[in-house]
Structures are given as C-alpha cells and as structure tokens.
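Scroll down for the structure; my scribbles are underneath it.
The values are calculated or read from the model by the stated rules, or taken from the named source; none is laboratory data. This one's a predicted model, so the numbers in the text were calculated from it and none came from an experiment. Cβ: placed from backbone, ideal geometry, glycine included. Neighbour counts: every protein chain shown. Please note that ligands, DNA and RNA were not included when accessible areas were found on the heavy atoms of the full protein model with its side chains. Shrake-Rupley method; radii C 1.70, N 1.55, O 1.52, S 1.80 Å.
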Amino acid sequence: MNQEELNNVILRKRKLAYGVHDVWIKNDLIGRQAKPGQFVIVRISEKGERIPLTIAESNGEAFRIVVKAVGKSTYELCSLNEGDILYDVVGPLGKPSEIKYHGNVLIIGGGVGIAAILPIAKALKSAGNNITVIIGARTIQDLILRDEFTFADKLLPTTDDGSFGYKGNVIDAMKIELEKENYNVIWSIGPAIMMKLSSEIATKYNIPIWVSLNSIMIDGTGMCGGCRTVIKTDNSEKIQYVCVDGPEFDGRYVDWDSFIKRLNQYKEQEKLALERYLKEVGEPTWL
Amino acid sequence: MAVKDRIPVPELEPSKRKKNFMEVSLGYTFELAYQEAQRCLQCKVPTCISGCPVGIDIPGFIIEIVRGNLKKSYEILKSYNYLPAICGRVCPQEVQCEGACVLNKMGKPINIGALERFVADFASQEGFDDERGKFSSSESIPNILKSEPDKVSALKSKKVAVVGSGPAGLTVASELGKLGVKVHVYEALHEFGGVLVYGIPEFRLPKEIVKREVLQLETLGVELFKNIPVGYAIHPKELLEEYDAVFVGVGAGTPKFMGIPGSELNGVYSANEFLTRVNLMKAYRFPEYDTPIKVGKRVVVVGGGNTAMDAARSALRLGAQVTVVYRRTEAEMPARRAEIHHAKEEGIEFLFLTNPVKYIGNESGKLIGVECIKMELGESDESGRRKPIPIPNSNFVVEADIAIEAIGTESNRFLLIQFPDLKTNKYGYIITNEYGQTSIPKVFAGGDIVTGSATVILAMGAGKKAAEGIVRFLTE
Ligand SMILES: Cc1cc2nc3c(=O)[nH]c(=O)nc-3n(C[C@H](O)[C@H](O)[C@H](O)COP(=O)(O)OP(=O)(O)OC[C@H]3O[C@@H](n4cnc5c(N)ncnc54)[C@H](O)[C@@H]3O)c2cc1C
Ligand SMILES: Cc1cc2nc3c(=O)[nH]c(=O)nc-3n(C[C@H](O)[C@H](O)[C@H](O)COP(=O)(O)OP(=O)(O)OC[C@H]3O[C@@H](n4cnc5c(N)ncnc54)[C@H](O)[C@@H]3O)c2cc1C
Ligand code: SF4
Ligand code: SF4
Ligand code: FES
C-alpha cells in the first residue's frame, strides 16, 4: 500500500438537487473493496466530527457518495469543490448487504436513500433477481438518480406532488405493489420514519425487510457503543451495534421508537453548530 | 533502620485542576527524584523486579539517578520497557513493582513509577531519547540472532503487518523495526495509540507523549497507516498473502452494557463513548470542535476500574456533579489507588455497595434518574472477591441526567468476524501460545484481544514476546 493511493481528493462533484450533492472521492482501497450496503466515515477538518455516509458506487480507484445537507458537517461537505481533499476517510465499514438469489425483490428508496439502494439494486439484479424499484421524493426536482435505475425490471417513481410518476409517497406505492405481486424480500432505505412505516407493512405481509439504520456513530468499529440499537425478536431483546452488526437489520425487529429518539440526542447542539457556522460563512449559496 | 519518608510528587491542587484537562501529576524535579532515588536500599535480591511484568532492572536504573547518569538510567529502562514515560504514569504500581518493594514492610515503597517517568521525560527534554535504534529492548531477540548473521540479513527482506496501534501493536512494530524488518502498522481510527489516545484522558497521560512515541517509530522506518479498518479494507486473506507474518493487537474495545431497562435512553453512555468524545474528538471544546457531548448537571458513573475513574473525572472537569456507584467496597476497586485518591480529592462522591437496576426516563426519552439497590458482600467467587448480593427492598433513586457505564469491555469482533479460522476461546479472545502464535502459524496476537482487558504494561509485554516469536518464525 502507499499513502498516495489513499489521498481522498474530490474528483468529481455534481449537484443533484437543492442541498443534495453527488461526490466522487479518490481512494484506491475503498474503490477496490467496497461492497453494496457498506459505508465510510468522513472527517472534513482537523476539528471535524466523524460522519457516516453510504458508498453509492465504486470503480476500483474511487468511490461515490451522495450527501444531503442537514447540519454543519454536511453543509460543509457540500461546500467543498473538485480538487479539495477530505481530511480523513475510513472504510469500507459495516456488513455488506445479503446479495444472492432471492427471487422477487422489492427495493424502496426515499430521499438520499435512493443513492443507498442503487448499488444494492444493481447487485441483486446481477444475482438474477427480478427487481422492482420504488423511488420517491417530494417533487421532481428532489427525485435524484432517477435515470440510473434503467436496469430495473420495474421502476416506480413517486412524488408527493405528482410532478413525476405516481402521486403519493413510497409507502403508498409499496402498499399497492404488495397487493399486486408476491415478493420474497424487501429492501427499504430512507428517512427513519419511512423505514419504520415500511417495516410495519412488511410485518403485516410477513416478508423480511432490510433497512439500513442511520444511527449516530463515532468510531464505526464497535468501540464506543453509541450506535447501539435494540433488536426485538419473538422471545429476546438484544442490544446490537449498528456499525458492526449492521447497518442493515430486518426492520420487523427494530425497536423504532427508541431508535428515532436516539437520533435526536444532540438536537440542541446541532442547531447551535449550524447557526454558528452560517453566521461565519453567510448564506449557503452553494447548496 | 529508620526509613526516610517517601518524597511526594508535586501535583496540581484539586481546586486548580477541577476545571481543566491539565496533567494532574507534575512529576519529580531532578532534586526530588534524587532524594527519592537515594531511599532505595539497592537490595541484593530486589523483590521489586519480580513485581514488574517486564522485569525492569529497577535498582539498576535508580542507582544511575543517584549517580546523576540519567542517560545510562534511560538506557536501562528502555532496554526493558519500550514506553517508560507512559508506564511510569499509568501502571498500577501498587500491585506491581511498588507492591513488591521490601520497603512496604518498614514504611512506604519507593515511588518507582514517578522515578521512571522522571527519567523518561528528562530524556525527551534533553533529546537523547531518539537514539533509540541503539537500544535493543528485547534481550532475548539478539540472543536468537547472535551466532547467525545470515538470519539478521534475512530479516531485512521480511514484511510484517501489525493490526492495531495500541501499546501491543506499537511495541511489536518497534521491536521488529529495529531489526530492519519492513513493518506496516494499520489503525482503524484517525490517530495512533489505541486506548492511550481515545481512552486515557489528557490529565493522566498527555497525548503529546503518545505522539512522540509514534514519531519515533517512523524514524525507525516503520510505516503507519491510519483510517484502515482491517477486515473490510484489507481482508485477512490478503494480509496472509502479502506479509510474511501478521500481528493482531486489536484490543478489547467493545463496551459491555448492564442491559438494565432504559439502557437506550438519551443520556446513557458507555464510558468508551463518553471518553472517545472527550479525548479523541475534543467534544469538551464544542462548538469549536464539531463533535457534541452531553455534559449534564448530575452524572452517575457505574463501575470501579480505571475507566470509571477516568469517566468520572472527565465529567467533573466538564462541570458536572459526579457520583460513582460501585457494587463492592472501596477495597475491591480495581482502579489505580492514585486515581481513586485523586477522584476523592476533586470532590467526586462514591456510593459503595450499590448497583443500578433501572434507568428512569421522561416522555421524550431523556434520562432523569437511576434506580439503585443496596448490596452486601457474600461468599467469595471464582475471582477470589466476595460476591455482592442485592438487599431486597433497599431501592432508591439517584437523580441524574447522564449515566456512564464503565463495567468492562469484551472482545472486539470487528476483525474477528472476517477471520473465522483464527481460534478463539469461549469469551471470544484469541488463543495463542506463549510467543503469541495463534492457530494460524503466520499470525501472532497479543494485548487485550488475547487476555481480555488488562494493562498497558501487559499489552507491551505481550508485544515483546510476540516480536520474539515472530523473529523465530521468520528465521526458522
Ligand atoms: C450508516 C449510515 C449511512 C449514512 N449514509 C448517508 C448518506 O449516504 N448520505 C447522507 O446524506 N447521509 C447519510 N447518513 C446520515 C449522515 O451521517 C448525517 O446526516 C450526518 O452525520 C449529519 O451531520 P451534520 O453535522 O451535517 O448534521 P447534524 O446537525 O449534526 O445532525 C443532523 C442529524 O443527523 C444525524 N447525525 C448527527 N451526527 C451524526 C453522526 N455522527 N453519525 C450519524 N448520524 C448523525 C442526527 O440524527 C442528527 O439529528 C448516514 C448515516 C449512517 C449511520
Ligand atoms: C479508560 C481506560 C483507562 C485505562 N487506564 C489504564 C491505566 O491507568 N493503566 C493501565 O495499565 N491500563 C489502563 N487501561 C487498560 C489499557 O489501556 C489496555 O489494557 C491497553 O491499552 C491494551 O492495549 P492493546 O494494544 O491490546 O489494545 P488497545 O489499546 O485497545 O488498541 C487497539 C487498537 O487497535 C485498533 N483496531 C481495532 N480493530 C482494528 C482493525 N480491524 N483494523 C485496524 N485497527 C484496529 C483500535 O482502533 C485500537 O487503536 C485503561 C483502559 C481504558 C479503556
Ligand atoms: S513498567 Fe510499570 S510495573 Fe514495571 S517498573 Fe515501571 S511502573 Fe513498575
Ligand atoms: S525492593 Fe525497593 S528498596 Fe529494594 S531495590 Fe527494589 S525498589 Fe529498591
Ligand atoms: S459507532 Fe461506535 S460502536 Fe458503532
């Protein structure tokens, strides 16, 4: 190995929607090793926090992330340009998705979750599955990557306002689809509330559903316990570490209420950090 | 014979240190070190040596202080102990070297830790610590090689990977680096040092000291790679193909939780998370640093080890009122005596014979209190300690907005799930022979991932043994 291969330079950057950016980062190791479902942890500066981001694609020498600006660190990440270098990038982390022949697979992506399902959908297709992809966003402008799913056997875009595809959200589309067709397994990645609702539906239909939990992390190696989440099966309740035991879990067994509460642990500090940052840099015109 | 009193080590006063992370112990000056060194009886049969896990020639390094020959003293230390500035600060001396000093019978033992630290700090101040290539620390390695110069040159063409940069990994890297072996160290975090950087706080072990040790490794030609999670970034199979030997020193970093109701509440931390936010991410300087931390007004820390003391004293420094809850009595606490003493001086409250049974939260999922139960000590268990038994109906609630569990760690499964061929025991720790060799002949292991959570000096000792094993293996 040599250090130059890992230089973490931003090779390409493209705006997909307001506050959503598509970034290719040079890193041979991650470019070579990344598997669908895995993530990286990034630090933007010496004083930065460690933020996890899903690997959306890789090509042997670089990898791709799609970032949504929601707070100080992701605003800052979106402000970087081609040629800039990320201070630290570590990965790949997390267990890869269970890619094999399942049969009929329903894959649901909401918001930036669409980027997370892209590599999984591709790999499932290559493994011979018949795949139906539902992607959804508020409006056509937010519906990212919609032209990258042409390989799907069936693609069902949805928008809340009906500006593209089905009018409604991915949950509505999911319900309709499950009435029509039998599925062996589901993947559902997006905002926590969407994953929770889709898991409830999957429970009703008794179909396994993989969700990718976006818990708050630090190290990503099972060392801090901060990402822990409660997984409840029929007769047991277990603490699992999302970074090493996940990030994908069967959504039917996730204790969603405690999971969602833990996502809001630092609400006040996050608000303060963003305000302070915006005061310093002014209007975030780059978003 | 009259024994002079032990010379106290200057410390920051509790009132001056409670609000910052400055090192508490200021260390001996030359004058004080000289006086303390003179107290050593230079025993013919120095019992102290048997108490040191790496068998440092303690009277030997001490007499050189008396003679004013600090360079010699440093050379002696360094020939046994790769990290004297660190061990002098963090070893549990009272159960090791100092616990075995004859002076215990007549008064207070020699302050061996403080003397060791003094010599090591002096060496780095004076800059004679970077001639390290000259000091060979493992006595036994040169013995293996002495009569066979071919072997020495053969080693120079070998490549060894070290996974994990805690004290075990750093020691292996240094030992092999000195012999000219090409060593690559891989660390998953963004800094090197393992627990020395993410766990033990600045006020006990300044991070500068760890940085210095890492820099010195670079001068030996060791290559260090951070941000590499071995397992996924480099598969164990690839390591086995690319390297002539592999050392696994990944630590026992996974925190345990008691698993009592309410563990998922906001405000319940593992000590590792709390300390990592503070030490590695500098969350105590939020918002200048981006990582947030909850400080709380009232903090309950559960446990009685070094980790519990570190968490409690860090929380105190962040401005909280801190209570330590421990299920046995003070006598059974595994923490270093000095830290318990410091914690008390700083105003931390202790509730002994007490154990949490439940976390109480409010409707928004935030912790507001810890329900505890009183304990009494019963029969001795396997560890020889008396077993704490709950006293029925003795429950009471301690108000708290933060609770920090420091009840121990377990095997770090991050690498091991990718390495199923590596044999582990029923607790998930790697099985090795006395030279650290595992069920895969090319793979050696040592430190907390073999013994379970232990000490810096034991991890270092294991690193030395493994380096010796690796040299034998590579020259066979
Ligand atoms: C495995 C995983 C994969 C992810 N993949 C993506 C992705 O592909 N694209 C994307 O845009 N986002 C992804 N996220 C979420 C992303 O990490 C957070 O949006 C980011 O950390 C927010 O940081 P911030 O400072 O911008 O916002 P903040 O203002 O700090 O936080 C906004 C919200 O983000 C979450 N968050 C904050 N800090 C962390 C942290 N250290 N780790 C995780 N979540 C945190 C919290 O729920 C918080 O309320 C992923 C998260 C996980 C755990
Ligand atoms: C808070 C705290 C206080 C302590 N206080 C004391 C004390 O006062 N005195 C004392 O003697 N001992 C103390 N200890 C114990 C001591 O620190 C440990 O026994 C010692 O650090 C173990 O060393 P190690 O090299 O085995 O592992 P560690 O120090 O745990 O280092 C392991 C390293 O490996 C890295 N790693 C793990 N997996 C991978 C992977 N797959 N790829 C790459 N890198 C990986 C980790 O990130 C870590 O940096 C304390 C421990 C803690 C937690
Ligand atoms: S290494 Fe630790 S046990 Fe050994 S002499 Fe030094 S302080 Fe004592
Ligand atoms: S046992 Fe104590 S007095 Fe004797 S040599 Fe060792 S340190 Fe000195
Ligand atoms: S992020 Fe620290 S244990 Fe998962």
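Tabulated results
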{"read-out": "Local electrostatic count at B:THR409 - Lys and Arg +1, Asp and Glu -1, tallied over other residues with Cβ under 15 Å", "value": "-3"}
{"read-out": "Over 30 Å (Cα to Cα) - which of A:LYS35/B:LYS159; B:LYS256/B:LYS423; B:LYS156/B:LYS282; A:LYS261/B:LYS256; A:LYS72/B:LYS207; A:LYS47/B:LYS158 fall in this group", "value": "B:LYS156/B:LYS282; A:LYS47/B:LYS158"}
{"read-out": "Tensor-based shape of segment B:257-408 (alpha-carbon gyration tensor, a/c under 1.5 rounded, otherwise prolate or oblate)", "value": "oblate"}
{"read-out": "Helical contribution to [θ] at 222 nm, DSSP H n ≥ 4, -39,500 (n - 2.57), averaged over chain A, rounded to 500", "value": "-8000 deg cm²/dmol"}
{"read-out": "Label-point gap, in nm, between B:ILE391 and B:LYS159 - each point 7 angstrom along Cα→Cβ", "value": "6.4 nm"}
{"read-out": "FRET efficiency, B:GLU363 to A:SER45 (Cβ-Cβ, R0 51 Å, nearest 0.05)", "value": "0.85"}
{"read-out": "Test item: Cα-centred dipole of the protein assembly as shown, Lys/Arg +1 and Asp/Glu -1 on Cβ, debye", "value": "660 debye"}
{"read-out": "Relative contact order of chain B, defined on C-alpha pairs under 8 angstrom at six or more residues apart (%)", "value": "16 percent"}
{"read-out": "Centre separation in Å (Cα based) which lies between segment A:166-237 and segment B:429-461", "value": "40 Å"}
{"read-out": "Segment B:415-456: chymotrypsin sites (Phe, Trp or Tyr not before Pro) falling in loop per DSSP and having at most 13 other Cβ within 10 Å", "value": "B:TYR427"}
{"read-out": "Length-normalised contact order for segment A:1-76 - Cα pairs under 8 Å, 6+ apart - percent", "value": "30 percent"}
{"read-out": "Loss of accessible area when B meets A, both sides summed, Å² nearest 100, probe 1.4 Å", "value": "4300 Å²"}
{"read-out": "Sequence-separation-based contact order of segment B:315-424, relative, with Cα cut under 8 Å and 6+ spacing, percent", "value": "20 percent"}
{"read-out": "Inter-probe distance in nm under a simple model that places probes 7 Å from Cα toward Cβ, at A:ASN59 and A:TYR18", "value": "3.1 nm"}
{"read-out": "Formal net charge of residues neighbouring B:PHE286 (Cβ-Cβ distance under 12 Å; K, R +1; D, E -1)", "value": "+2"}
{"read-out": "Segment A:126-165: chymotrypsin sites (Phe, Trp or Tyr not before Pro) falling in loop per DSSP and having at most 14 other Cβ within 10 Å", "value": "A:PHE151"}
{"read-out": "The protein assembly as shown - percent of accessible surface contributed by carbon and sulfur, probe 1.4 Å", "value": "51 percent"}
{"read-out": "Beta bridges by DSSP in chain A, antiparallel share as percent, to the nearest 5", "value": "60 percent"}
{"read-out": "Non-local Lys pairs in segment A:163-229, i.e. 8 or more apart or on different chains, that have alpha carbons under 16 Å apart", "value": "5"}
{"read-out": "Chain B, helix-only ellipticity at 222 nm - DSSP H runs n ≥ 4, -39,500 (n - 2.57), divided by all residues, nearest 500", "value": "-9500 deg cm²/dmol"}
{"read-out": "Proximal aspartates and glutamates relative to B:LYS72, as straight alpha-carbon distance under 17 Å, when same-chain residues fewer than 8 apart are discounted", "value": "B:ASP57, B:GLU64, B:GLU116, B:ASP121, B:GLU126, B:ASP129, B:ASP130, B:GLU131, B:GLU139"}
{"read-out": "Surface per residue (accessible, 1.4 Å probe) for segment B:1-124, Å²", "value": "43 Å²"}
{"read-out": "Residues in segment A:258-282 occluded by at least 30 Å² - accessible area, probe radius 1.4 Å, against chain by itself", "value": "A:LYS261, A:ARG262, A:GLN265, A:TYR266, A:GLN269, A:ARG276"}
{"read-out": "B:LYS4 versus A:LYS180: modelled label distance in nm, points set 7 Å from Cα along the beta carbon direction", "value": "9.2 nm"}
{"read-out": "Candidates per GluC sites (Glu not before Pro) in segment B:277-377, loop by DSSP, up to 13 other Cβ within 10 Å", "value": "B:GLU288, B:GLU363"}
